[in-house]
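In what follows, a single structure is set out as structure tokens and then discussed.
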Amino acid sequence: MIVTTKFQLGQVVQHRVYPFRGIIFDIDPQFDNSDEWYEAIPESIRPIKEQPFYHLLAENQESEYVAYVSEQNLLPDDSGEPIRHPQVDQIFTMDSDGNYSLKTGTSH
């Protein structure tokens, strides 16, 4: 099954509802997390499972963490600000234009 995704590896995105942003380091064609995780999302904003979900090296004003977010809840982040997450340099390289790409030999 071929799934078309709106976002790509290395793209910087922001959450549509919550104040955080991150860089995509892995993509699931559809939901692939625990039912417990899914049920913890308030029903009023719970996304459908049949869409791409993205693994992000995420950050907000207070901390850095890994987030798992549905495609419907992401928007492109065009701020041009670098991601400060400590694992970014382990997975990505950044070019002179501020674009991220996976390091050679990195698999996720």
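Obtain the radius of gyration and the Kirkwood radius of the chain from its C-alpha atoms and give Rg over Rh.
Answer for the chain: 0.96.
Quick one: Karplus J couplings for segment 91-100, per residue in order, coefficients 6.51, -1.76, 1.60, θ = phi - 60°, nearest Hz, x for Gly and Pro?
Here the 3J(HN,Hα) series is 10, 10, 10, 10, 7, 5, 8, x, 8, 9 Hz.
Quick check: net charge around TYR65, other residues with Cβ under 14 Å of its Cβ, Lys/Arg +1 and Asp/Glu -1? Please list the in-between numbers first.
Details: positive: ARG21, ARG84; negative: GLU59, GLU62, GLU64.
Once positives and negatives cancel, what remains is -1.
Work out how much length LYS49 to ARG16 would gain on full extension: take 0.36 nm times their residue separation and subtract the Cα-Cα distance, in nm to one decimal. Write out the running numbers ahead of the final one.
Details: separation 33, 0.36 × 33 = 11.88 nm, distance 1.72 nm.
Stretched fully, the LYS49-ARG16 segment lengthens by 10.2 nm.
Top mean-square fluctuation among ASN33, ASN60, ASN73, Gaussian network model of the chain, C-alpha springs under 10 Å?
Most flexible of the set in this elastic network: ASN33.
Check which residues have an amide H placed less than 5 Å from PHE92's amide H, if you skip close sequence neighbours.
When sequence neighbours closer than 5 places are left aside, the close amide H contacts are LYS103.
Mind ordering 78-87, 47-56 by average Cβ neighbours within 10 Å, highest first?
47-56, 78-87
Bear in mind these aren't lab numbers, they're just calculated from the coordinates by the rules spelled out. Computed from a predicted model, the values in this text were never measured in an experiment. All Cβ positions, even for glycine, are placed from backbone atoms using ideal geometry, and neighbour counts span all protein chains on display.
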